[in-house]
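Asks: If you scroll down you'll find the structure; I have some questions about it.
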Amino acid sequence: MIPFTVNIKLAARTLTGPLNSHNKPAVDWGWQGLIAQGCHSSILIIDPKTAQTIQVLERHKANVVKVKWSRENYHHSLSSPYSLRLASADAAGKIIVWDVVSGMAHCEIQEHAKPIQDLDWLWNQDASRDLLLAVHPPNYIVLWNGDTGTKLWKKSYAENILSFSFDPFDPSNLALLTSEGIVFITDFSPSKAPGSAGKKVYIASPHSSPAHSKPAAVQPTGAKKALNKVKVLITNEKPTAEAVTLNDCLQLSYLPSKRNHMLLLYPREILILDLELSQTVGVVAIERSGVPFIQVIPCAQRDVLYCLHENGCITLRVCRSTTPLSEETDPEQSVQELVYDLRSQCDAIRVTKTVRPYRAVVCPVNENRAALVVSDGRIMLLKKYSSLPGKVLSVHSGLSPLYSPINFCGTPLSRNQKRIPDLSLNTMIGHTLISGVDPPWPTAGQQEVQLKFLLTGLLSGLPLPPFSLRMCPPLTTKNINHYQPLLAVGTSNGSVLVYNLTSGLLHKELSVHSCEVRGIEWVSLTSFLSFATSSPNNMGLVRNELQHVDLRTGRCFAFRGERGNDEPAIEMIKVSHLKQYLVVVFRDKPLELWDVRTGTLLREMAKNFPTVTALEWSPSHNLKSLKKKQMAAREAMARQTTLSDAEQSSIESSVIRSDHIQSSPEKSISIYSYFTLFIITDDHRSLGSMGSIACIAWKGDTLVLGDVDGNLNFWDLKARLSRGIPTHRGWVKKIRFAPGKGNQKLLVMYTDGAEVWDTKEVQMVSSIRVGRNMSYRILDIDWCTSDKVVLASDDGCVRVLEMAMKSASYRMDEQDLTDPVWCPYLLLPRAALTLKAFLLLQPWSGSYTMDIAQVYMISCFFFSKKSDIKSVLEDPELSLLQRCLLVSRLFGDESDLQFWTVAAHYIQSFSQGHLDICHDILCESSFFQVRKKVHISQSYVIHLRDVYGDVPLPLQTDRAVQLLLETNADNPSYYCDSLKACLVTTIPSSGPSQSTIKLVATNMIASGKLAEGVQLLCLIDKAVDACRYLQTYGEWNRAAWLAKVRLNPAEASDVLKRWAEHLCSSQVNQKSKAVLVLLSLGCFHKVGEMLHSMRYFDRAALFIEACLKYGVMEADDGTNILSLIGAAFADYARLLQSMGLREGAALWASRAGGAGEELLEELFQREATDLTPKEEEAGLGTIE
């Protein structure tokens, strides 16, 4: 058990509140497992697993409008470590790239002074992982180097750019959503700006589409009827003015689950576009009584949409294909349309004028967790669970059931193997009914599941300002064993929020008052007094509420009893330093003096008592000297005047005695001593050269006065000296001394900012001012420790700052969190890689263990919390491929996850179904062809007119001719379509026609008509030649697609191998994609060689080990394979040795044959050498 300790040193932090409207799109959930959210000019970093704010970044001067985590789509090593990088953009056009762990800005970028419209990192990171694309208003896209802040290129367009979306399947494709339509860019490159202006298309309003029009009297039949069922929304002609006004497209996004599909979001509709067909193939429409959409998040692992509605409800819609797969079905009645069925939804929130949903984000690693950001600062963390349906639930929905997959981490579960339930989206929902290809019935081992959302965490922010602050009594040697640094925040709605500043979490929320809290005073470490005043009535009187609150029990009672109705408002309350007495000051009423411990009224001043404008209690450590002075005064009075016994007793029993200090003939102030009160009254408001005194602070022998003109007057009571300092800052609102014996620092609050003064030297230490070094206005101040201040501001935030008052950012690894955070990115690079190597493989021991402290000095709290993950990792039944996949998920390693998903599928000879459709070209040819067959039947279109890559499959000829012949006579393409129908009809004939068509196709390609020539070659079954022409002219993706669809395995393999060579060239530099292509071809030896040559030593060794275990690579196949195994295992052993995992290094070196002998000898020598404890500690202590 960890001993209880008190963290005396508090971290700087920011407690945030409601968001600004500019912050609406500023939220992102990264592969690193953390959420970044903009709040005014600050950025919160949130751990969704523990619902903690673990960092706040402050450097922006304007409201943050965009945040984006960097991608993790690269191999991680000591030279390319796991790191937390975040890009943020504000309304003033500034972009900052952050090192989130240290809280420091890595670089700052400024192009214009207008809000950044959109921002994203390039996902293809083989060449560079530092590239950042930004939209600068009104119509510029700029590519920046996020590491150096260098501008690489800039490109302008004709229309205003609203947002953009990268094609997740092709890094050269980019779509821009503009004010008038969409611009498709197909030549995007990091090395140079796009050469062309892109293909400009316009979005017709969905309400003018066939789905919204009334049925005509005469309906077309056959193929035309099928075509009319699909809404044609993309045109090359600019729509009319009416159509443009109806264009209220909210969002544009490529679908990461399907190639060449795009999502368009309208308030009441979601349209799924097939960009190959230029048609809509799926519609999600809301009924008239339904709640409109705000945002849609498409998933990659399954064709699933997370939809956010205006009432804060998140719905989950799962795609279902409507095309029957039976070959006997009438093709004219089998039009496929993608239907997204509502499968789950969470509860809506209560929407008001100030509370409305802003954005939702989804975990990109597992895609089964979501977070909802609300305008009042709340973040609701949701997780999707799958459950077996109950008797009632399985009947009423009427939807086809969903089934669980039979695989876990890419491999079928063995009988006794453990699994993690609901690990990710693709472990919850199988392929059934989703891809449009799989049969709608379950296979053996699949179970029907239903999905549901559960709220797993809630972060609540501060309410709307204004606030009043008060820190609890300071830490002392007497209370150190039970001290908690609690900050009480009084709010405008009458509640008092108590925060623990060690963790930054809300400790208690107490509904104390019915109106705005005006002030708080602590009377012990566990109780406080707070007061509130209602709005004045016609006579100017209010209802005063003075409450005593006990934090331990939550008990709250009216401290003044029945008093408080219809009286002047309370101006302030002051508790004495020993927490024994309380002074209550009213606006137009004499003050009251109370005993805090007994709750009794000691004295109410006479009606003619002047109005108090400022007061302060004497410091508690001066009580002895004050008593001596009072006794001396009484003795002097006794010597001068003989008093009667009655008068003497009257003086002794006097509760308050008054002394007047005459500073000038006209002006004086009063010291009323009841251990002792220093009071400025209305008739003695000014002193010497000072204006009207507004506040007082007294500590030790130092007394400080502040006036309405910005003057500070420092009194040294011991030396009887005073010094006035004009600050020229206007009204001094509040002054407070720092806690701690001998600490004479003073915090001063002005209308336009704050300052810290050293009263010993009478000089300013630090200053902040609105417009100069901050963008917010300060509402209240206090000290939270002897060297940190806490400020409440009008942007709804409460900031704990160092005395320099510069930034609230801090090092995350120095923080004291309530719950430990699992995030390998927070570790030092070597420590993160050591932890990963430790979790991946432990073949040196008979059983797996999660106690990494036995091997290395790293504490892993995560596995003590997550018993299911711990038990699975310790399960000996977990295969190497499953372990690699699971660890890559835990680390949020995008590159690793994609590689091991494809590798696990093909190493196991893809006997367990097919790859997910999001892998596209990497899927098996058989599955690819079936899917494309469905795709072509989807629209009855044979791609002869617009798309050269999508060529007819064998059984589609009759349907193509039928469609072409139904072209209207007034259509411009009527003549061309008629000739194409004749051409398609003549295809079956052989002889001269084939030669002629090939000659024509070759001439067309030579003359620049590549699309038409390729189509003709495919019509006469010359797809091999078509692929070669496509590759010659740089259409590599189309060639790969065509090879998968039309060629036999041997021919397709040649085409794809040429593509892999092209991807490895220095001009393209996409070796990671080339490795995946070779994996899909079963070229495992070549993959191992490439991984080793790219210095991916860990991935290469584990991949070869998996190949050997599954028998797809034999160790005695030849000298080349043996040398590859030896080199890969030896290099991995050296990597493990550098991390301190010597047992693992020895094992891999022993398996490397001759290549590992030298390393083995070195390891044995080192083990034999007796190291001193200090040397041993130095050797292991590099990572903690």
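The values are calculated or read from the model by the stated rules, or taken from the named source; none is laboratory data. All values derive from a computational prediction rather than experimental measurement. Ideal geometry is used to build each Cβ from the backbone, glycine not excepted, and the neighbour counts take in all protein chains shown. Note: accessible area is taken over every heavy atom of the protein model, side chains too, but ligands, DNA and RNA are not part of it. Shrake-Rupley method; radii C 1.70, N 1.55, O 1.52, S 1.80 Å.
Asks: For Ser514 and Lys718, what is the calculated FRET efficiency with R₀ set at 60 Å and r taken between the beta-carbons, to the nearest 0.05?
Replies: On the way: r = 47 Å, r/R0 = 0.78.
Result of the calculation: an efficiency of 0.80.
Asks: Classify the stretch 746-803 as rounded, prolate or oblate from the Cα gyration tensor: take a ≥ b ≥ c as the square roots of its eigenvalues, call it rounded if a/c is under 1.5, otherwise prolate when a/b beats b/c and oblate if not. Display every interim value, and only then the final one.
Replies: Numbers: a/c = 2.24, a/b = 1.42, b/c = 1.57.
Oblate is the answer for the stretch 746-803, as a/c is 1.5 or above yet b/c matches or exceeds a/b.
Asks: Hey, another quick one. Restricting attention to the alpha-carbon atoms of the stretch 114-155, what are Rg (one decimal) and Dmax (integer), both in Å?
Replies: Radius of gyration, then largest Cα-Cα span, for the stretch 114-155: 10.3, 32 Å.
Asks: Continuing with this model, one more query. Leaving out ligands, DNA and RNA, and with a 1.4 Å probe, what % of the accessible surface on the stretch 1-131 is carbon or sulfur? Display every interim value, and only then the final one.
Replies: Details: 2290 of 4340 Å².
The value for the stretch 1-131 is 53 percent carbon and sulfur by accessible area.
Asks: Need the full-extension length gain, Lys61 to Asn538, defined as separation in residues times 0.36 nm minus the C-alpha distance. One decimal, nm. Can you show the working numbers first?
Replies: Numbers: separation 477, 0.36 × 477 = 171.72 nm, distance 4.32 nm.
Going from the current span to full extension adds 167.4 nm.
Asks: Here's a follow-up. How are the Cα pair distances of the stretch 67-122 distributed, in percent, across 10 Å bins from 0?
Replies: Over the stretch 67-122, the share of Cα pairs per 10 Å bin runs 23, 47, 24, 6 percent.
Asks: Moving to a separate point now. If packing is taken as the average count of other Cβ atoms within 10 Å, what order do 155-167, 61-73 fall into, highest mean first?
Replies: Working: 155-167: 17.8, 61-73: 22.8.
Taking the mean over residues of other Cβ atoms within 10 Å, the ranking is 61-73, 155-167.
Asks: Place the peptides 484-490, 340-346, 1006-1012, 1069-1075 in order of packing, highest mean first, counting for every residue the other Cβ atoms within 10 Å and averaging per peptide.
Replies: Working: 484-490: 23.0, 340-346: 17.7, 1006-1012: 14.6, 1069-1075: 20.6.
For the peptides 484-490, 340-346, 1006-1012, 1069-1075, the packing ranking is 484-490, 1069-1075, 340-346, 1006-1012.
Asks: Right, something else. Starting from the Cα of Lys998, step 7 Å toward the Cβ, then list every residue of the stretch 1023-1056 with an amide N under 16 Å from that point.
Replies: Backbone N within reach: 1023-1029.
Asks: Could I ask something else about it? When all alpha-carbon pairs of the stretch 53-95 are counted, what percent fall beyond 15 Å? Intermediate results must be reported in sequence, preceding the final value.
Replies: Numbers: 490 of 903 pairs.
It works out to 54 percent of all Cα pairs.
Asks: Counting other Cβ atoms within 10 Å of each Cβ, which GluC sites (Glu not before Pro) in the stretch 571-613 have at most 15 and sit in a DSSP loop?
Replies: Numbers: sites: Glu571, Glu592, Glu604; in loops: none.
Taking the stretch 571-613 and a limit of 15 other Cβ atoms within 10 Å, no loop GluC sites (Glu not before Pro) are found.
Asks: Using a Förster distance of 41 angstrom, determine the FRET efficiency expected from the C-beta separation of Asp970 and Thr1032, and round it to 0.05. Working shown, then result.
Replies: Numbers: r = 39 Å, r/R0 = 0.96.
After rounding, the FRET efficiency stands at 0.55.
Asks: Another question, if that's okay. I'd like the Karplus ³J(HN,Hα) series for the stretch 1151-1162: coefficients 6.51, -1.76, 1.60, θ = phi - 60°, whole numbers in Hz, and an x wherever there's a Gly or Pro.
Replies: Each residue of the stretch 1151-1162 in turn: 8, 7, x, x, 5, x, 5, 4, 5, 4, 4, 5 Hz.
Asks: With labels modelled as points extended 7 Å from the Cα through the Cβ direction, what inter-label distance (nm, one decimal) is found for Glu1157 paired with Thr985?
Replies: Using points 7 Å along Cα→Cβ, the separation is 7.9 nm.
Asks: Same structure again: Simple spin-label model, 7 Å along Cα-to-Cβ: Lys478 to Ser460 in nm?
Replies: Using points 7 Å along Cα→Cβ, the separation is 3.5 nm.
Asks: Past 26 Å, Cα to Cα, is the threshold; run Lys383/Lys870; Lys574/Lys733; Lys199/Lys1009; Lys66/Lys1073; Lys24/Lys199 against it and keep the listed order. Could you put the intermediate results ahead of the total?
Replies: Working: Lys383/Lys870 20 Å; Lys574/Lys733 16 Å; Lys199/Lys1009 18 Å; Lys66/Lys1073 30 Å; Lys24/Lys199 30 Å.
Checking Cα-Cα distances, Lys66/Lys1073; Lys24/Lys199 exceed 26 Å.
Asks: OK, next. When all alpha-carbon pairs of the stretch 503-601 are counted, what percent fall beyond 18 Å? Each step should come with its number before you reach the end.
Replies: Numbers: 2203 of 4851 pairs.
Result: 45 percent of Cα pairs exceed 18 Å.
Asks: What is the extension gain from Leu1108 to Ser978, computed as 0.36 nm multiplied by their sequence separation minus the C-alpha to C-alpha distance, in nm to one decimal? Please list the in-between numbers first.
Replies: Details: separation 130, 0.36 × 130 = 46.80 nm, distance 5.82 nm.
Value of the extension gain: 41.0 nm.
Asks: Rounded, prolate or oblate for the stretch 133-177? Axes are the square roots of the Cα gyration tensor eigenvalues, ordered a ≥ b ≥ c, and the cut-off for rounded is a/c under 1.5.
Replies: Note, shape of the stretch 133-177 comes out oblate.
Asks: Once both labels are modelled 7 Å past Cα along the beta-carbon direction, what's the Glu635-Lys192 spacing in nm?
Replies: For Glu635 paired with Lys192, the spin-label model returns 9.9 nm.
Asks: If you don't mind, another one. Non-local amide H neighbours of Gln251 (under 5 Å, H modeled in plane, Pro and chain starts lacking H): which ones?
Replies: Leu265
Asks: Please give me, ordered by residue number, the GluC sites (Glu not before Pro) of the stretch 1106-1158 that lie in loop per DSSP and have at most 14 other Cβ atoms within 10 Å.
Replies: On the way: sites: Glu1114, Glu1143, Glu1157, Glu1158; in loops: Glu1114.
Sites meeting the loop and neighbour criteria: Glu1114.
Asks: Is the stretch 513-562 best put as rounded, prolate or oblate by its Cα gyration tensor, with a ≥ b ≥ c the root eigenvalues, rounded for a/c under 1.5, and otherwise prolate when a/b is larger than b/c, oblate when not?
Replies: Values: a/c = 2.90, a/b = 2.39, b/c = 1.22.
Taking the square roots of the gyration eigenvalues as a ≥ b ≥ c, the stretch 513-562 is prolate.
Asks: Let me ask something additional. Pairwise over distinct Cα atoms, reciprocal of the mean inverse distance: report the Kirkwood radius of the stretch 1032-1101 in Å, one decimal place. Don't skip to the end; give the middle numbers.
Replies: Details: mean 1/r = 0.0795 Å⁻¹.
The Cα-based Kirkwood calculation yields 12.6 Å.
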